[in-house]
Amino acid sequence: MKNVFIITPSYLIRKKRDFAAGLRQLSALGFNVVNPQFPETLPSPREKAEQLHAAFADPDIVKGFS
């Protein structure tokens, strides 16, 4: 199973069930989401940058598809 890191989009997902459905779809495709927490608030630009840096710095995260 390949690990993936979800980056919060530029808009806030309003329905928790939509987010959960996305997690189920990723799981059905064979992915393990390492940060499955539902974003309650939209992160600041700094927090989004920190998410990106964390994703790229984690050696267990899928970096590409081969």
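Here, each number is a calculation from the coordinates, and none is a lab measurement. Quick caveat: nothing in here was measured; it's all calculated off a predicted structure.
The slack in the chain from ALA49 to ILE61, taken as 0.36 nm per residue of separation less the alpha-carbon distance, amounts to 2.7 nm. If you take the alpha carbon atoms of the chain and fit the smallest convex hull around them, that volume is 86 Å³ per residue.
Residues whose amide H lies under 5 Å from that of ASN3, counting only those 5 or more places away or on a different chain, are ASN32, VAL62; hydrogens are built 1.01 Å from N in the peptide plane. Based on Cα contacts under 8 Å between residues 6+ apart, the chain shows a relative contact order of 48 percent.
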